[in-house]
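The values are calculated or read from the model by the stated rules, or taken from the named source; none is laboratory data. What you are looking at is a predicted structure, and each value in this text was computed from that prediction instead of being measured. Every residue, glycine among them, receives a Cβ derived from its backbone with ideal geometry; neighbour counts consider all protein chains shown. All accessible areas refer to the heavy atoms of the entire protein, side chains included, with ligands and DNA or RNA removed. Shrake-Rupley method; radii C 1.70, N 1.55, O 1.52, S 1.80 Å.
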Amino acid sequence: MNGSTSPFHPMHNLLPSEVEGFDSLVALALDMRWLWNHTTDDIWRQLDPVLWDMTHHPCDVLQTVSPEKIRQALADPAFRGKINALVQSKKQAEDVPSWFQQNHSQSPLTCAAYFSLEYMLSESLPIYSGGLGNVAGDQLKAASDLGVPVVGVGLLYQQGYFRQEIDADGSQLALHPYNDPGKLPITPLRQANGELLRLEIVLPGYSVWLRTWQVQVGKIKLYLLDINDPSNLPVHRGITSELYGGGPELRLKQELVLGIGGWRLLRALGIQPEVCHLNEGHAAFAVLERAWHFMEETGQSFDVALSATRAGNLFTTHTAVADGFDRFAPALIEYYLGHYAETRLGITRHDLLALGRRNPDDDTEKFNMAYLAIRGSGAVNGVSRLHGKVSRHLFEPLFSNWPADEIPVGHVTNGVHIPTWESAAADKLWTESCGKDRWLKTAESLEQNIRRIPDARLWQFRMAASRPLIDYARQRLARHYAAAGASSKAVEEVRHLFDPNALTLGFARRFAAYKRPNLLLHDPDRLQRLLSNPQRPVQLFIAGKAHPLDEKGQALIKEWIQFIRRPDVRPHAIFLSDYDMFLSEHLVQGVDVWLNTPRRPWEACGTSGMKVLVNGGLNLSELDGWWAEAYTPEVGWALGDGQEHGDDQAWDAIEANALYDLLEREVIPAFYTRDSNGIPMAWVARMRESMARLTSRFSANRTVREYTEQHYLPGAAAYRLRSADKGKIGRQMADWKNNLEQKWAALHFGNVKVETRGEQHLFEIQVYLNDLDPAAACVELYADGSKGGKPVRQEMKRARPLTGTSGGYVYSTVVPAVRPSTDYTARVIPHYDGAAVPLEAPQILWQR
C-alpha cells in the first residue's frame, strides 16, 4: 500500500483556493523552515502583531484573524510581493545542490530514517520535553540545510509535555492543555485514492488504529503517529496522550507504536531506508519490525534478517546512568510481544527476551531497550567524548573480558542548529563578518573573520543583547502579576525591574537532583550579597521544569522561588515559569553567562550552553558533557577538577564555594573592569575566542556531517552488501555467529614459547580451535598501552598445524623488544570481513 501526502489542512477552508496567494500563505505557515530563519515573521506580525509576539505560531495567527483581513492583506501588492519572493527563494534553494549532493551524490545512501520519541522544532509544535527533543529537532533542521536524505519518525501527543505554573506557595503545578491537530503545522497523510492513511497495530486481544501526519521541515519530512482515532476505545486513544506520562505499560505501548508502527508507516509510504537511526533506545522495536519486513521479502529466518539489517541500524544513546534506560518487566514484554515474536519473527519468547538481557537465562532480569538497540545495530555512539567513555563502562556487561577501550561505543558530540538560536542582532553581526551562508562554510574561515571584528563592535552587540530579554521578562512578569490579582502599582513596578547594563546570568534546564540546580543556592546570603552589590550588580534568570513525579526536583524549584521572593532578592532575580523553546530562545540570546552545574559525569552532553555561543554569551560550567572537550581558559570558565565524585554532599559544598569564588573573583571583575572607552577588554577577548573557536565546532551542521560520513554512508553500503541476493552475506554471517556460539567454549591455548633475539621478541603460541574454521577467528598479541599510549594489537600468523591434533595450530609474530615480553599476552577474537567485532560477536579468549 503506497501512500501519498495531501496538502489539505483546515486552514485551506478559510478562503477559497481561487484567492490568489492564499495557498502560498498556507504553505509558508506549514513549513517549519520559515520559523527558524525568521523571514516570514513580518508576514504574521502584519496579520496580528499581538498574537504573533505572544505565540510565534503561524497557524494560530492564520486561523485567528478574520478571512476578510487575510483577503485585504493578499490584495496589498507589497504583502503579496513578500510572499511571492519567499516562495521563489524556496524554489531556488531546492534547485541549488546542497553539501550532500556536492560531496556524496554517488553514495549508496538514498534515505536515513531518524526515530525519536520527541522533537523540538518550534513552540508551535509542542511535542518535546527538553534535551533529547532539542537534539532531534536541530539535527532534522541541519539535515535539511545540508541536503542529507533524512526522514523523521515520531509521535503526535494530544497533550505533549506538561505546561508549568507556579502557585502562590511556590509549588509547581502541571497543566495539560490539548493540542488540536487542526491548529498545528501538520497535515494528515492520505492514500493515493484520497482515503486517510491509517495503520493497524495488533495488541493482546484488540487492535488499535494509528493516524498518520506529516510535518514539513524545510527540504525533509517528519512523520508522526497518534492513536487518537475515533475507532479506538477511549482507554486506547490515550496511549499517545502525554510525552513521558503514565507508567511502564503506557511507555511500552508508546514505544511499540514508535518502533513497529513507525517502520510500517515508512513501508506504507513506499520509503525504504538503508539506514535506521535510533535516537535513544525508545525506538528499538524498529529493529524487530525492520527484520520482519526483510524476512517477508526474502523468506529468510530472523537470525539472517537481523544480521543483514543491523548493518544499517545506528543506535545513539543519550543516557549516562544505568537506571536511565527503559527497562520492562519480562511479563509485560511477553504479554505485548510474545505472540508477535512467535508468529511474526519465528522466535521463541525466551529468544525475544534474550535480546534485551545481559543474561539470557535469568528469568527475573528486566528487558532493557538499550540492550535490544545494541544487539540490533551495526554501530553505537554516545553524544560527547566523555559520554562515549561513560557509555563504554555502562555497556561493559555485554562484552565480558573485553578491554574498556574496545567496548564498541564511539561518540559524535551533539551540536545545535545555529540559525534557530541566533538573535536577529547576532545574525546581522555574523552576516557582516562571515556572509549569509556562513554556517555551510569551514570553521577555519569563520574563525578568521570573527577575529577581525573590532572590540567596540563586539561590545556594542553584546550590550544590546540583554534589552530584548529584559523586556520579555518584564512583560511576562507583569502578565503573571495581573493574572494573580496584583495591584496596578505592583504590576507597574515589575515593568521596571532589571537593568540591561548589569551582568546577566542564566540557568535553565530540567530540575533534577543530578543537575544540581541549587548548587548556587548553597549559601543564600552569600548569593544575595553577590547579586545586590551596588557597584557591580548581577541579575539572575532561572527557568526549568521538574517531572510531575519527581518530588525532589519540584522541591528544588520551590527552594528557588522562596529565595527569589525575598524582598532583598526580588529586584535581582527571576524564575520564569513554563520553560519552553520560545523562552529558551530569549534566554540564550540575552544572557551574558550561561551556568551549568551537573554532577559529573551524568550530563551526557548538554546543548543549552552551546546556544549562547553564537550570541556572544560565555559559559561557566562543570567539566562535563560537551564542556569537558570545549573548555580552555580563553573561552569561558570551568567548575570542578575534571574527576568523578559521585553523590558526595561534601564535594558539592566544595564546588558551591568554588562557584561563588569564580563569580566574585573572575567573572564579575572581568565584566566590570573597563578601559577608557568603557569596554571590558578581557571580557571581549573571551567573547571573541568563544564565538570564533566554538560556534561552528558545536553546531548541528558539524554533527550531521559526522553522522553522515562516519555512520550513514558506511552503514548504507554495509546494508546493501549484506541484503543483496536475498541476504546471501547476511545468511553467511548468521552461520558464522551460530558456529561461534556453538564451538567457542572448546577453544583453548597450549604452550607459549618466547625468545628474545637482539631488539625483537619472537612469540610462538599453540592455539586449539578444534572444529572452528581458522578463518572465523583471529589470534592477536596484546599489550596494555603504556604512558597513556594506545594498546598494542598485533595479528599473529598461522605458522603451521600441530602434528597429531585436529584444529591445533602454532601462531607466531615478532614485536620490538622495547617492553618486557611479559607485558604481552595472546588472545583469540572472532573474525569475519565486514563484521563489527565485538558488537556482533562478543566472544574473546585470553591466554592469561
For the pair R570 and R358, what calculated FRET efficiency results from E = 1/(1 + (r/R0)^6), where r is the Cβ-Cβ distance and R0 = 56 Å, to the nearest 0.05? 0.60
Take each of the peptides 704-711, 143-150, average the number of other beta-carbon atoms within 10 Å over its residues, and list them starting from the highest. 143-150, 704-711
Please compute the modelled spin-label separation between E634 and L549, points set 7 Å along Cα→Cβ, answer in nm with one decimal. 4.8
Rounded to the nearest 10 degrees, the helix 330-340 long axis (Cα) sits at an angle to the longest Cα principal axis of the chain of 80
Per residue solvent-accessible surface (Å²) - the stretch 99-142, probe of 1.4 Å: 25
Protein accessible area in the stretch 205-353, 1.4 Å probe - carbon and sulfur %: 51
Grab the DSSP H runs of the chain that are 4 residues or longer, score each as -39,500 (n - 2.57), total them, divide by all residues and round the 222 nm result to the nearest 500 deg cm²/dmol. -11500 deg cm²/dmol
How many nm separate the modelled label positions at R674 and R474, each set 7 Å beyond the Cα in the direction of the Cβ? 2.0
Taking r as the C-beta separation of S786 and S487 and R0 as 51 Å, the FRET efficiency to the nearest 0.05 is 0.10
Roll a 1.4 Å probe over the protein chains and send me the accessible area per residue for the stretch 529-665 in Å². 33
Mind listing the phi-derived Karplus ³J(HN,Hα) values for the stretch 675-688, rounded to whole Hz, using 6.51, -1.76 and 1.60 with θ = phi - 60°, and x for any glycine or proline? 8, 5, 9, x, 9, x, 4, 5, 5, 5, 4, 5, 3, 4
Could you give the angle, 0 to 90 degrees to the nearest 10, between helix 455-483's Cα long axis and the longest principal axis of the Cα atoms of the chain? 70
Subtract the Cα-Cα distance of D641 and A329 from 0.36 nm times their separation in residues, and report this length gain in nm to one decimal. 108.4 nm
State whether the stretch 625-772 is rounded, prolate or oblate according to the following rule on the C-alpha gyration tensor (a ≥ b ≥ c being the square roots of its eigenvalues): a/c under 1.5 gives rounded; otherwise a/b larger than b/c gives prolate, and the remaining case gives oblate. prolate
For the stretch 485-556, give the magnitude of the charge dipole about the Cα centre (Cβ charges: +1 Lys/Arg, -1 Asp/Glu; no others), in debye to the nearest 20. 260
Which of rounded, prolate or oblate describes the stretch 107-196 when judged by the alpha-carbon gyration tensor and an a/c cut-off of 1.5? oblate
Amide H of L576 versus every other amide H placed in the peptide plane: which residues, excluding those fewer than 5 positions away on the same chain, fall under 5 Å? I542, A543
Mean Cβ neighbour count within 10 Å, used as a protection proxy, ranking 611-617, 217-223, 63-69, 255-261 highest first: 611-617, 255-261, 217-223, 63-69
Among N134, A113, S171 the positive-end extreme of the charge dipole of the stretch 90-185 (Cβ point charges): A113
Treat every Asp and Glu Cβ in the stretch 624-723 as -1 and every Lys and Arg Cβ as +1, leave all other atoms uncharged, and give the resulting dipole magnitude about the Cα centre to the nearest 20 debye. 960
Of M733, L762, A776, farthest towards positive along the dipole that unit charges on Lys, Arg, Asp, Glu beta carbons give the stretch 661-807: M733
Using θ = phi - 60° and Karplus 6.51 cos²θ - 1.76 cosθ + 1.60, couplings along the stretch 342-349 (whole Hz; Gly, Pro as x): 6, 8, 9, 8, x, 10, 7, 5
Need the C-alpha centroid separation for the stretch 316-347 versus the stretch 536-608, integer Å. 36
In debye to the nearest 20, how big a dipole does the stretch 7-115 give about its Cα centre with +1 on each Lys and Arg Cβ and -1 on each Asp and Glu Cβ? 180
Please give the contour-minus-distance gain from D833 to S89: 0.36 nm per residue of separation, less the Cα-Cα distance, rounded to one decimal in nm. 263.1 nm
Label zone at E559 (point 7 Å along Cα-to-Cβ), backbone N below 14 Å, the stretch 633-669: 648-657
Over the chain, what is the percentage of antiparallel beta bridges among all DSSP beta bridges, to the nearest 5? 55
How large is ³J(HN,Hα) for each residue in the stretch 796-811, as worked out from phi by the Karplus curve 6.51 cos²θ - 1.76 cosθ + 1.60 (θ = phi - 60°), to whole Hz, x for Gly and Pro? 9, 8, 6, 7, 6, x, 7, 5, x, 10, 10, x, x, 9, 9, 10
Nearest 10, in degrees from 0 to 90: the angle of helix 713-743 to the longest Cα principal axis of the chain is 40
Ordered by packing density, taken as the mean number of other Cβ atoms within 10 Å over each peptide's residues, highest first, how do 562-573, 376-387 rank? 376-387, 562-573
Prolate/oblate/rounded call for the stretch 156-264, Cα gyration tensor, a/c under 1.5 rounded: oblate
At 0.36 nm per residue, and after removing the present C-alpha to C-alpha distance, how many nm does the segment from Y514 to D351 gain when stretched out fully? 55.1 nm
Rounded FRET efficiency, nearest 0.05, which uses the C-beta distance separating E297 from Q101 and R0 of 35 Å: 0.75
According to a simple spin-label model (label point 7 Å from Cα along Cα-to-Cβ), what is the distance in nm between D169 and Q649? 2.4
